[in-house]
Amino acid sequence: MLNELMILYIPKKLVQLISMTMAGSKATVRLDNQYTRTSTFPITNGVRQGDALSSVLFDLVLEAILQKINITGHIGTKSLQILAYANDVAIVGINKNALKDILVNTESEARKRVLRINENETKYIEVTRAASNSDHLHCGKYEFKPNPPVVKSKAGSLAETVVTVHMGN
């Protein structure tokens with residue numbers, strides 16, 4: 001994760017401060033507002049849940065993933081658009097094949113950073129003027145359900161598919 005910060009040109013001094021903050025972190029289990037009798041355990045991977053830095057670091061790692069995918073070009077000429085906020089990513093594609101390609105790349109880059117796509121929370125919407133037999137979108141090992149069902153657009157001639165991807169570890 002700290003390497004991702006360097007790739008994003010976060011100043012080295014700030015990365016070192018984050019590293020020192022995370023070093024030696026420990027946690028204990030709380031059940032029904034009572035701490036368990038087990039001793040504390042070290043956090044060796046990632047950040048402590050609820051830590052003030054966790055959401056910011058997640059956003060920065062997600063930004064590094066999206067930069068690695070490297071979709072470049074003018075907004076009017078691109079066949080794909082990616083919008084991300086917190087752990088939600090919306091991918092808009094001009095066709096299903098382009099969408100499948102970007103999903104495979106996103107999943108591959110996320111896996112390298114110990115993030116997974118939540119298949120149960122991921123949905124897609126297809127907008128088209130023509131009739132479509134969209135049941136599920138198959139992409140690698142994933143199968144995404146349509147939500148809402150296929151929408152027929154009166155305006156525009158291009159089919160668009162939107163996938164909302166939920167990520168987490």
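The values are calculated or read from the model by the stated rules, or taken from the named source; none is laboratory data. These figures come from a predicted structure and were not determined experimentally. Every residue, glycine among them, receives a Cβ derived from its backbone with ideal geometry; neighbour counts consider all protein chains shown. SASA here: full protein model, heavy atoms, side chains in, ligands and nucleic acids out. Shrake-Rupley method; radii C 1.70, N 1.55, O 1.52, S 1.80 Å.
Taken over segment 1-42, the criterion of being touching a Phe, Trp or Tyr at 6+ places or on another chain (Cβ under 8 Å) and outside any loop (DSSP other than H, G, I, E, B) is satisfied by 26, 27. Within segment 76-110, take every residue that is under 17 Å from residue 136 (Cβ atoms) and among the aliphatic types (A, V, I, L, M) and give me the one that is most open to solvent (accessible area, probe 1.4 Å). Among those that are under 17 Å from residue 136 (Cβ atoms) and among the aliphatic types (A, V, I, L, M), it is 104. What about residue 49, is it closer than 21 Å to residue 1 by Cα, modelled with pLDDT of 80 or more and open to solvent by 80 Å² or more (accessible area, probe 1.4 Å)? The answer is no for residue 49. Of the strands (runs of 3 or more DSSP E) entirely within segment 81-169, those holding at least 3 residues that are under 26 Å from residue 3 (Cβ atoms) and at pLDDT 65 or above occupy 88-93.
Given 64, 98, 86, which one is under 30 Å from residue 144 (Cβ atoms), without any contact (Cβ under 8 Å) to a residue 40 or more places away in the chain and out of contact with any strand residue (DSSP E or B) (no Cβ under 9 Å at 6 or more places or on another chain)? Steps first, please.
Details: 64 fails: without any contact (Cβ under 8 Å) to a residue 40 or more places away in the chain; 98 fails: out of contact with any strand residue (DSSP E or B) (no Cβ under 9 Å at 6 or more places or on another chain).
Checking each option against the conditions leaves just 86.
Against the criterion of being out of contact with any helix residue (DSSP H, G or I) (no Cβ under 9 Å at 6 or more places or on another chain), surrounded by 12 or more Cβ atoms within 10 Å (Cβ to Cβ) and modelled with pLDDT of 80 or more, residue 55 qualifies. Report yes if residue 47 is assigned to a loop (DSSP other than H, G, I, E, B) and under 19 Å from residue 86 (Cβ atoms), otherwise no. Here the answer is yes, as residue 47 does meet what is asked. Could we say that residue 36 is of a type in the set (S, T, N, Q) and open to solvent by 80 Å² or more (accessible area, probe 1.4 Å) here? Here the answer is no, as residue 36 does not meet what is asked.
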